[in-house]
Amino acid sequence: MINLDDLLIRSAQRDQAAFKTLYNATSPKLFGVLVGMMRNESLAEEVLQDSYLKIWEKAEKYQSSKSGAMTWMRTIATNTARDKLRALKVRHYQDECGDYIENIEGSEASLDNRLSIDNELSRVSKALKKLKAPHRECLILSYYHGYSHAELAKKLNLPLGTIKTWIRLGREELIAAA
């Protein structure tokens, strides 16, 4: 079994072989998260490479006592993706049907459009606060942080079926509340 903590610590010591093993072991997972965020494979590949450059540069800052290696790297990757999206001035919003709406932010966006988006985000935020805590936590970890159902089950030490049910119920409650 590959020890990601050890590989990250060795990478901090500039062990290129350890970093290559770390990349090979984790890049498919991070790429999946990034494709979900970027909605574009070539952009996701670019962000993935930028993320691993940051991981290499910041490896000495990793502290296994604060988080797992995969969580630490996922945070770097998702932050890099958000920075890229901001740089492109594009924000993706997902509706319940799985369609994506792109909103160009900035001076070109009309005041009415920005107010409409702010109102929608406010409604979603209020609806999230009304959810039962476990449903809210699972939805946020799944959709915002990119955890799979299996990862959530392991992280929360719960059966996979429970996680799937909580996410389904949370979505249903959100739809009803929004």
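None of the figures in this text is laboratory data; all of them are computed from the coordinates on show. These numbers were taken from a predicted model, which means no experiment stands behind them.
Assorted remarks:
- Stretching the chain fully between residue 66 and residue 25 yields a gain of 12.6 nm (0.36 nm per residue, less the alpha carbon separation).
- Straight-line cross-link reach from residue 84 at under 24 Å between alpha-carbon atoms covers these lysines, not counting any fewer than eight positions away in the same chain: 29, 54, 58, 61.
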